[in-house]
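Notes follow once the structure below has been shown.
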Amino acid sequence: MDWAARTAARNARLEVSRAVTEILRLTERPEVISFAGGLPDPSAFLLEEFEDSARRVLRERGGEALNYGPTAGYRPLRRWITERMAGREGIQLGEENVLVTSGGLEALNLVAMALLEPGSTVLVGAPSYLAALHVFSSHQCRMLPVPVDDEGLEPDALEEALERCGADDRPRLLYVIPSFQNPSGATLSLGRRRRIVEICGRYGVPIVEDHAYADLRYEGDPLPPLAALSPDGVIFVHTFSKICAPGLRLGWVAAARELIETLVLCKIGTDQCANTLGQRIVLDFARRGAIERQLERAVPLYRRKRDRLEAELSRRLPGVIRWSHPEGGFYLWLRLPEGADSESLLERAIAEHEVAFVAGPPFYAGPGGREFLRLSYSFIAEDRIEEGVVRLSRSLSSCRGPAA
(Lines give C-alpha, C1' and ligand atoms only; values in the text may rest on other atoms or scores of the structure.)
Protein backbone atom coordinates (compact mmCIF):
# COMPACT_ATOMS: atom_id res chain seq x y z
CA MET A 1 0.00 0.00 0.00
CA ASP A 2 1.39 3.41 -0.99
CA TRP A 3 0.47 5.37 2.12
CA ALA A 4 2.65 8.32 1.13
CA ALA A 5 0.63 8.88 -2.04
CA ARG A 6 -2.67 8.50 -0.19
CA THR A 7 -1.73 11.08 2.47
CA ALA A 8 0.25 13.47 0.28
CA ALA A 9 -2.38 16.21 0.04
CA ARG A 10 -3.06 16.34 3.77
CA ASN A 11 0.63 16.11 4.65
CA ALA A 12 1.34 19.08 2.41
CA ARG A 13 -1.14 21.17 4.43
CA LEU A 14 0.19 20.04 7.79
CA GLU A 15 3.93 19.84 7.18
CA VAL A 16 4.57 23.14 8.94
CA SER A 17 3.16 21.60 12.13
CA ARG A 18 6.01 19.11 12.28
CA ALA A 19 7.59 21.71 14.58
CA VAL A 20 5.26 20.51 17.35
CA THR A 21 6.53 16.93 17.24
CA GLU A 22 10.13 18.12 17.09
CA ILE A 23 9.62 20.30 20.18
CA LEU A 24 8.40 17.34 22.22
CA ARG A 25 11.08 15.03 20.84
CA LEU A 26 13.77 17.35 22.18
CA THR A 27 12.64 16.56 25.75
CA GLU A 28 14.19 13.10 25.21
CA ARG A 29 17.64 14.58 24.50
CA PRO A 30 19.12 15.75 27.81
CA GLU A 31 22.37 16.89 26.15
CA VAL A 32 20.40 19.59 24.29
CA ILE A 33 19.52 22.70 26.29
CA SER A 34 16.06 23.41 24.99
CA PHE A 35 14.25 26.73 24.98
CA ALA A 36 11.73 25.14 22.61
CA GLY A 37 8.87 23.55 24.49
CA GLY A 38 6.30 25.55 26.44
CA LEU A 39 6.02 22.88 29.12
CA PRO A 40 5.40 23.64 32.80
CA ASP A 41 8.31 23.18 35.20
CA PRO A 42 7.76 19.85 37.02
CA SER A 43 9.14 21.39 40.20
CA ALA A 44 5.99 23.53 40.37
CA PHE A 45 3.69 20.50 40.64
CA LEU A 46 2.24 19.70 44.07
CA LEU A 47 2.92 16.00 43.68
CA GLU A 48 1.97 14.86 47.18
CA GLU A 49 -1.34 16.68 47.09
CA PHE A 50 -2.05 15.32 43.63
CA GLU A 51 -1.28 11.80 44.86
CA ASP A 52 -3.64 12.33 47.80
CA SER A 53 -6.42 13.39 45.44
CA ALA A 54 -5.86 10.40 43.17
CA ARG A 55 -5.92 7.97 46.10
CA ARG A 56 -9.05 9.58 47.54
CA VAL A 57 -10.91 9.41 44.24
CA LEU A 58 -9.98 5.77 43.63
CA ARG A 59 -10.79 4.78 47.20
CA GLU A 60 -14.15 6.54 47.39
CA ARG A 61 -15.41 6.58 43.75
CA GLY A 62 -13.05 4.27 41.88
CA GLY A 63 -15.74 2.31 40.03
CA GLU A 64 -17.31 5.47 38.64
CA ALA A 65 -14.00 7.19 37.97
CA LEU A 66 -12.71 4.31 35.85
CA ASN A 67 -15.84 4.15 33.69
CA TYR A 68 -17.23 6.26 30.87
CA GLY A 69 -18.65 9.64 31.84
CA PRO A 70 -21.04 12.22 30.42
CA THR A 71 -19.88 13.67 27.12
CA ALA A 72 -20.27 17.23 28.39
CA GLY A 73 -18.10 16.44 31.39
CA TYR A 74 -18.47 15.56 35.06
CA ARG A 75 -21.19 17.90 36.32
CA PRO A 76 -19.52 18.81 39.64
CA LEU A 77 -16.38 19.78 37.72
CA ARG A 78 -18.40 21.89 35.29
CA ARG A 79 -20.00 23.60 38.29
CA TRP A 80 -16.57 24.32 39.79
CA ILE A 81 -15.42 25.73 36.44
CA THR A 82 -18.35 28.16 36.32
CA GLU A 83 -17.64 29.27 39.89
CA ARG A 84 -13.98 29.87 39.05
CA MET A 85 -14.82 31.79 35.89
CA ALA A 86 -17.26 33.98 37.80
CA GLY A 87 -14.85 34.70 40.63
CA ARG A 88 -11.60 35.02 38.70
CA GLU A 89 -12.60 36.18 35.22
CA GLY A 90 -15.97 37.84 35.82
CA ILE A 91 -17.67 35.50 33.33
CA GLN A 92 -21.23 34.67 34.44
CA LEU A 93 -22.31 31.39 32.83
CA GLY A 94 -24.07 28.22 33.96
CA GLU A 95 -23.06 24.57 33.81
CA GLU A 96 -24.96 24.15 30.55
CA ASN A 97 -22.54 26.65 28.99
CA VAL A 98 -19.46 24.50 29.68
CA LEU A 99 -17.99 21.46 27.92
CA VAL A 100 -14.99 19.67 29.43
CA THR A 101 -12.50 18.76 26.70
CA SER A 102 -9.30 16.76 26.27
CA GLY A 103 -7.16 19.85 26.62
CA GLY A 104 -7.60 23.31 25.14
CA LEU A 105 -6.50 22.09 21.73
CA GLU A 106 -9.43 19.69 21.48
CA ALA A 107 -11.73 22.59 22.33
CA LEU A 108 -10.36 24.45 19.30
CA ASN A 109 -10.82 21.38 17.12
CA LEU A 110 -14.43 20.94 18.24
CA VAL A 111 -15.16 24.60 17.53
CA ALA A 112 -13.68 24.13 14.06
CA MET A 113 -15.82 21.03 13.51
CA ALA A 114 -18.94 22.94 14.50
CA LEU A 115 -18.39 26.26 12.76
CA LEU A 116 -16.03 25.75 9.83
CA GLU A 117 -16.17 24.11 6.43
CA PRO A 118 -13.47 23.60 3.78
CA GLY A 119 -12.69 27.02 2.39
CA SER A 120 -14.01 28.95 5.40
CA THR A 121 -12.03 32.08 6.29
CA VAL A 122 -10.52 32.33 9.77
CA LEU A 123 -8.80 35.44 11.10
CA VAL A 124 -5.58 34.66 12.98
CA GLY A 125 -2.75 36.68 14.43
CA ALA A 126 0.53 37.03 12.57
CA PRO A 127 2.18 35.40 14.46
CA SER A 128 -0.12 32.99 16.31
CA TYR A 129 -0.12 29.68 18.21
CA LEU A 130 1.21 27.11 15.76
CA ALA A 131 -1.01 24.25 16.96
CA ALA A 132 -4.12 26.38 16.45
CA LEU A 133 -2.95 27.07 12.90
CA HIS A 134 -2.56 23.31 12.53
CA VAL A 135 -6.20 22.80 13.57
CA PHE A 136 -7.54 25.33 11.09
CA SER A 137 -5.32 23.97 8.33
CA SER A 138 -6.51 20.43 8.99
CA HIS A 139 -10.08 21.66 8.42
CA GLN A 140 -8.95 23.10 5.06
CA CYS A 141 -9.67 26.68 6.09
CA ARG A 142 -8.34 29.84 4.51
CA MET A 143 -6.44 31.71 7.20
CA LEU A 144 -6.31 35.48 6.95
CA PRO A 145 -3.41 36.93 8.99
CA VAL A 146 -3.87 40.05 11.13
CA PRO A 147 -0.65 41.73 12.31
CA VAL A 148 0.40 41.38 15.94
CA ASP A 149 2.66 44.08 17.38
CA ASP A 150 4.20 44.56 20.82
CA GLU A 151 0.71 45.25 22.20
CA GLY A 152 -1.00 42.27 20.58
CA LEU A 153 -3.49 42.02 17.72
CA GLU A 154 -3.87 45.36 15.90
CA PRO A 155 -7.53 46.50 15.90
CA ASP A 156 -7.10 48.83 12.90
CA ALA A 157 -5.67 45.97 10.83
CA LEU A 158 -8.52 43.71 11.99
CA GLU A 159 -11.12 46.22 10.86
CA GLU A 160 -9.37 46.71 7.52
CA ALA A 161 -9.25 42.94 6.96
CA LEU A 162 -12.97 42.60 7.68
CA GLU A 163 -13.78 45.52 5.39
CA ARG A 164 -11.80 43.93 2.55
CA CYS A 165 -13.58 40.61 2.94
CA GLY A 166 -17.04 41.99 2.24
CA ALA A 167 -20.38 40.41 3.13
CA ASP A 168 -20.02 37.47 0.75
CA ASP A 169 -16.70 36.30 2.23
CA ARG A 170 -17.24 37.14 5.88
CA PRO A 171 -14.78 35.28 8.15
CA ARG A 172 -16.33 32.55 10.28
CA LEU A 173 -14.32 33.47 13.38
CA LEU A 174 -11.37 35.33 14.87
CA TYR A 175 -8.85 33.34 16.93
CA VAL A 176 -6.97 35.44 19.49
CA ILE A 177 -4.83 35.00 22.61
CA PRO A 178 -5.34 38.26 24.54
CA SER A 179 -2.95 37.64 27.44
CA PHE A 180 0.75 36.72 27.05
CA GLN A 181 0.24 35.59 23.50
CA ASN A 182 1.99 32.52 22.16
CA PRO A 183 4.54 33.19 20.68
CA SER A 184 4.94 36.97 21.06
CA GLY A 185 4.21 37.29 24.79
CA ALA A 186 2.10 40.38 24.00
CA THR A 187 -0.95 41.36 26.04
CA LEU A 188 -3.89 43.34 24.70
CA SER A 189 -4.67 46.52 26.63
CA LEU A 190 -8.20 47.05 27.92
CA GLY A 191 -8.76 49.57 25.16
CA ARG A 192 -7.74 47.09 22.45
CA ARG A 193 -9.89 44.39 24.02
CA ARG A 194 -12.96 46.60 23.93
CA ARG A 195 -12.25 47.69 20.38
CA ILE A 196 -11.76 44.13 19.09
CA VAL A 197 -15.02 43.03 20.72
CA GLU A 198 -16.83 46.03 19.24
CA ILE A 199 -15.42 45.45 15.74
CA CYS A 200 -16.26 41.74 15.68
CA GLY A 201 -19.73 42.43 17.08
CA ARG A 202 -20.38 45.01 14.37
CA TYR A 203 -19.32 42.60 11.63
CA GLY A 204 -20.99 39.56 13.19
CA VAL A 205 -17.77 37.56 13.59
CA PRO A 206 -17.48 35.22 16.62
CA ILE A 207 -14.28 35.41 18.66
CA VAL A 208 -12.46 32.34 19.93
CA GLU A 209 -10.52 33.49 22.98
CA ASP A 210 -7.61 31.31 24.10
CA HIS A 211 -7.08 32.02 27.82
CA ALA A 212 -4.31 29.44 28.35
CA TYR A 213 -1.65 31.70 29.89
CA ALA A 214 -3.74 34.43 31.54
CA ASP A 215 -3.36 33.00 35.08
CA LEU A 216 0.44 33.28 34.78
CA ARG A 217 0.78 37.04 35.34
CA TYR A 218 4.06 38.16 36.92
CA GLU A 219 3.46 41.89 37.09
CA GLY A 220 0.74 44.46 36.41
CA ASP A 221 -3.00 44.25 37.01
CA PRO A 222 -5.25 41.50 35.60
CA LEU A 223 -7.41 42.46 32.63
CA PRO A 224 -10.92 41.17 31.89
CA PRO A 225 -11.12 38.45 29.25
CA LEU A 226 -12.99 39.20 26.07
CA ALA A 227 -15.72 36.79 27.21
CA ALA A 228 -16.47 39.07 30.16
CA LEU A 229 -16.87 42.01 27.76
CA SER A 230 -19.08 40.11 25.30
CA PRO A 231 -20.48 36.87 26.79
CA ASP A 232 -22.64 36.11 23.74
CA GLY A 233 -20.04 36.87 21.07
CA VAL A 234 -17.00 35.07 22.52
CA ILE A 235 -16.13 31.38 22.74
CA PHE A 236 -13.90 31.05 25.80
CA VAL A 237 -11.26 28.30 25.75
CA HIS A 238 -9.15 27.45 28.80
CA THR A 239 -6.96 24.55 29.88
CA PHE A 240 -5.80 22.78 33.02
CA SER A 241 -2.40 22.28 31.33
CA LYS A 242 -0.89 25.52 32.64
CA ILE A 243 -2.76 25.84 35.96
CA CYS A 244 -2.63 22.18 37.02
CA ALA A 245 -0.89 19.58 34.82
CA PRO A 246 -0.79 18.96 31.04
CA GLY A 247 -0.58 15.20 31.56
CA LEU A 248 -4.24 15.25 32.61
CA ARG A 249 -5.18 16.35 29.05
CA LEU A 250 -8.13 18.38 30.31
CA GLY A 251 -9.49 21.76 29.38
CA TRP A 252 -12.83 23.39 28.73
CA VAL A 253 -14.81 25.58 26.38
CA ALA A 254 -17.50 27.98 27.59
CA ALA A 255 -20.01 29.51 25.18
CA ALA A 256 -23.70 29.99 24.39
CA ARG A 257 -25.76 26.96 25.33
CA GLU A 258 -26.80 26.28 21.72
CA LEU A 259 -23.19 26.10 20.59
CA ILE A 260 -22.17 23.88 23.52
CA GLU A 261 -24.92 21.42 22.56
CA THR A 262 -23.45 21.24 19.05
CA LEU A 263 -19.92 20.83 20.40
CA VAL A 264 -21.12 17.94 22.57
CA LEU A 265 -22.42 16.20 19.46
CA CYS A 266 -19.08 16.79 17.73
CA LYS A 267 -17.22 15.36 20.73
CA ILE A 268 -19.13 12.09 20.51
CA GLY A 269 -17.22 11.47 17.28
CA THR A 270 -13.80 12.20 18.77
CA ASP A 271 -13.27 10.65 22.20
CA GLN A 272 -16.87 10.47 23.52
CA CYS A 273 -15.82 11.97 26.86
CA ALA A 274 -12.73 13.55 28.39
CA ASN A 275 -10.63 11.57 30.87
CA THR A 276 -13.16 10.57 33.54
CA LEU A 277 -10.60 9.66 36.17
CA GLY A 278 -8.66 12.84 35.50
CA GLN A 279 -11.79 14.98 35.82
CA ARG A 280 -12.54 13.64 39.28
CA ILE A 281 -8.93 13.95 40.41
CA VAL A 282 -8.61 17.54 39.25
CA LEU A 283 -11.89 18.44 40.94
CA ASP A 284 -10.72 17.00 44.25
CA PHE A 285 -7.39 18.79 43.80
CA ALA A 286 -9.16 22.05 43.00
CA ARG A 287 -11.72 21.87 45.79
CA ARG A 288 -8.88 21.67 48.31
CA GLY A 289 -7.39 24.88 46.96
CA ALA A 290 -4.40 23.09 45.44
CA ILE A 291 -4.68 24.71 42.00
CA GLU A 292 -4.40 28.17 43.50
CA ARG A 293 -1.55 27.07 45.78
CA GLN A 294 0.26 25.60 42.79
CA LEU A 295 -0.15 28.89 40.92
CA GLU A 296 1.26 30.72 43.95
CA ARG A 297 4.26 28.41 43.70
CA ALA A 298 4.62 28.61 39.92
CA VAL A 299 4.31 32.36 39.35
CA PRO A 300 7.46 33.44 41.26
CA LEU A 301 9.38 30.53 39.72
CA TYR A 302 8.53 31.56 36.17
CA ARG A 303 9.10 35.23 36.97
CA ARG A 304 12.65 34.43 38.12
CA LYS A 305 13.29 32.42 34.97
CA ARG A 306 11.99 35.16 32.72
CA ASP A 307 14.13 37.76 34.47
CA ARG A 308 17.20 35.52 34.37
CA LEU A 309 16.78 34.83 30.66
CA GLU A 310 16.30 38.50 29.81
CA ALA A 311 19.34 39.47 31.90
CA GLU A 312 21.55 36.88 30.19
CA LEU A 313 20.36 37.89 26.72
CA SER A 314 21.11 41.53 27.49
CA ARG A 315 24.55 40.60 28.77
CA ARG A 316 25.57 38.13 26.07
CA LEU A 317 23.84 39.53 22.97
CA PRO A 318 23.70 43.33 23.24
CA GLY A 319 22.81 44.95 19.93
CA VAL A 320 22.24 41.61 18.20
CA ILE A 321 18.61 40.85 19.01
CA ARG A 322 15.63 42.63 20.47
CA TRP A 323 12.42 41.56 22.16
CA SER A 324 9.45 42.93 24.09
CA HIS A 325 9.27 42.33 27.83
CA PRO A 326 6.33 39.98 28.59
CA GLU A 327 4.30 40.56 31.76
CA GLY A 328 3.56 36.84 32.06
CA GLY A 329 3.31 33.57 30.21
CA PHE A 330 6.11 31.31 29.00
CA TYR A 331 7.79 33.05 26.05
CA LEU A 332 10.21 35.61 24.69
CA TRP A 333 9.84 36.47 20.99
CA LEU A 334 13.23 37.47 19.60
CA ARG A 335 13.86 39.49 16.47
CA LEU A 336 17.13 38.77 14.67
CA PRO A 337 19.09 41.14 12.44
CA GLU A 338 17.67 41.80 8.99
CA GLY A 339 18.37 38.97 6.58
CA ALA A 340 18.71 36.28 9.27
CA ASP A 341 17.01 32.92 8.77
CA SER A 342 15.84 31.33 12.03
CA GLU A 343 15.17 27.94 10.43
CA SER A 344 18.69 27.43 9.15
CA LEU A 345 19.98 28.91 12.40
CA LEU A 346 18.01 26.30 14.36
CA GLU A 347 19.59 23.43 12.44
CA ARG A 348 23.06 24.78 13.18
CA ALA A 349 22.22 25.52 16.82
CA ILE A 350 21.13 21.94 17.52
CA ALA A 351 23.82 20.21 15.48
CA GLU A 352 26.82 22.34 16.48
CA HIS A 353 25.93 23.89 19.83
CA GLU A 354 23.27 21.57 21.35
CA VAL A 355 20.80 24.36 22.04
CA ALA A 356 17.25 24.56 20.69
CA PHE A 357 14.43 27.05 20.19
CA VAL A 358 11.47 27.33 17.82
CA ALA A 359 12.01 29.12 14.53
CA GLY A 360 9.50 31.80 13.56
CA PRO A 361 7.85 30.56 10.31
CA PRO A 362 5.55 27.87 11.87
CA PHE A 363 3.77 30.66 13.78
CA TYR A 364 2.60 32.29 10.55
CA ALA A 365 -0.34 31.23 8.39
CA GLY A 366 1.46 32.63 5.35
CA PRO A 367 4.97 33.84 4.56
CA GLY A 368 6.87 35.44 7.39
CA GLY A 369 8.75 34.80 10.58
CA ARG A 370 12.21 33.98 9.23
CA GLU A 371 13.78 36.78 11.26
CA PHE A 372 12.06 35.69 14.49
CA LEU A 373 12.50 32.89 17.00
CA ARG A 374 10.72 31.89 20.20
CA LEU A 375 12.43 31.10 23.48
CA SER A 376 10.51 29.39 26.26
CA TYR A 377 11.80 29.82 29.81
CA SER A 378 9.16 27.69 31.54
CA PHE A 379 10.67 24.19 31.33
CA ILE A 380 14.41 24.82 31.35
CA ALA A 381 16.08 24.48 34.75
CA GLU A 382 17.10 27.83 36.25
CA ASP A 383 20.73 26.78 36.56
CA ARG A 384 20.94 25.96 32.82
CA ILE A 385 19.66 29.29 31.52
CA GLU A 386 23.09 30.96 31.53
CA GLU A 387 24.76 28.08 29.67
CA GLY A 388 21.83 27.94 27.26
CA VAL A 389 22.28 31.60 26.37
CA VAL A 390 26.04 31.07 25.98
CA ARG A 391 25.33 28.32 23.44
CA LEU A 392 22.68 30.45 21.75
CA SER A 393 25.18 33.31 21.52
CA ARG A 394 27.67 31.03 19.79
CA SER A 395 25.08 29.86 17.29
CA LEU A 396 24.13 33.48 16.60
CA SER A 397 27.70 34.52 15.89
CA SER A 398 26.99 34.87 12.18
CA CYS A 399 24.09 37.24 12.94
CA ARG A 400 26.06 39.78 14.99
CA GLY A 401 25.66 43.33 13.86
CA PRO A 402 23.12 46.15 14.13
CA ALA A 403 19.72 45.00 15.43
CA ALA A 404 16.91 44.90 12.88
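Charges were assigned to the Cβ only: +1 to each Lys and Arg, -1 to each Asp and Glu. The resulting dipole of the chain about its Cα centre is roughly 520 debye. Maximal additional length on extending the D221-E83 stretch stands at 47.6 nm, based on 0.36 nm per residue less the C-alpha distance. What the Cβ-Cβ distance of D156 and H325 gives, at R0 = 25 Å and to the nearest 0.05, is a FRET efficiency of 0.60. Note on E64 and R348: the extension gain reaches 97.1 nm, defined as 0.36 nm multiplied by sequence separation minus the Cα-Cα distance.
Peptides 190-198, 160-168 ranked from most to least packed by the mean count of surrounding Cβ atoms within 10 Å: 190-198, 160-168.
Each Lys and Arg contributes +1 and each Asp and Glu -1, all at the Cβ; summed about the Cα centre of segment 48-106, the dipole is approximately 160 debye. Each Lys and Arg contributes +1 and each Asp and Glu -1, all at the Cβ; summed about the Cα centre of segment 213-317, the dipole is approximately 600 debye.
Decide, for segment 216-310, between rounded, prolate and oblate: order the square roots of the alpha carbon gyration tensor eigenvalues as a ≥ b ≥ c, take rounded if a/c falls under 1.5, and otherwise choose prolate if a/b is larger than b/c, else oblate. Oblate. Phi angles across segment 362-367 convert, under the Karplus curve 6.51 cos²θ - 1.76 cosθ + 1.60 with θ = phi - 60°, into 3J(HN,Hα) values of x, 8, 10, 6, x, x Hz, Gly and Pro given as x. Measuring nothing but protein heavy atoms, the accessible surface of the chain at 1.4 Å probe radius is 50 percent carbon and sulfur. Between H139, A167, F180, the Cα set farthest toward the positive side of the dipole of segment 115-188 (charges on each charged residue's Cβ, about the Cα centre) is that of H139.
Need the C-alpha centroid separation for segment 329-388 versus segment 250-296, integer Å. That distance is 32 Å. Derived scalar couplings between HN and Hα for segment 377-389 equal 9, 6, 8, 5, 5, 3, 6, 10, 4, 4, 5, x, 6 Hz in order, rounded to whole Hz, by the Karplus curve 6.51 cos²θ - 1.76 cosθ + 1.60 (θ = phi - 60°), x for Gly and Pro.
Distance between the pseudo-spin-label points of E96 and D383 (7 Å out from Cα toward the beta carbon): 5.6 nm. Stretched out straight at 0.36 nm per residue, the stretch from R304 to Q140 would grow longer than its current Cα-Cα span by 54.9 nm.
Let me know the shape class of segment 153-236, please: from the alpha-carbon gyration tensor, a ≥ b ≥ c as square roots of the eigenvalues, rounded when a/c is under 1.5, otherwise prolate if a/b is greater than b/c, or oblate. In terms of gyration-tensor shape, prolate. Using C-alpha pairs under 8 Å with a sequence gap of at least 6, the mean separation divided by the residue count of segment 151-268 gives a relative contact order of 21 percent. So if we plug the beta-carbon distance of C165 and Q272 into 1/(1 + (r/R0)^6) with R0 = 41 Å, what FRET efficiency do we get, rounded to 0.05? Here the calculated transfer efficiency is 0.65. Toward the positive end of the charge dipole of segment 226-351, with +1 on the Cβ of Lys and Arg and -1 on the Cβ of Asp and Glu, the farthest Cα among V234, G289, V264 is that of G289. Overall shape: oblate for segment 187-239, with the ratio a/c of the largest to smallest alpha carbon gyration tensor axis at 1.5 or above and b/c at least equal to a/b. With both residues required to sit in the chain, DSSP beta bridges show an antiparallel share near 55%.
In the chain, a dipole from Cβ-located charges (positive for Lys and Arg, negative for Asp and Glu) runs towards its positive end, and of P300, G73, L110 it is G73 whose Cα lies farthest in that direction.
The values are calculated or read from the model by the stated rules, or taken from the named source; none is laboratory data. Values in this document were obtained by computation on a predicted structure and should not be read as measured data. Positions of Cβ are backbone-derived with ideal geometry, glycine not excepted, and every protein chain shown enters the neighbour counts. Please note that ligands, DNA and RNA were not included when accessible areas were found on the heavy atoms of the full protein model with its side chains. Shrake-Rupley method; radii C 1.70, N 1.55, O 1.52, S 1.80 Å.
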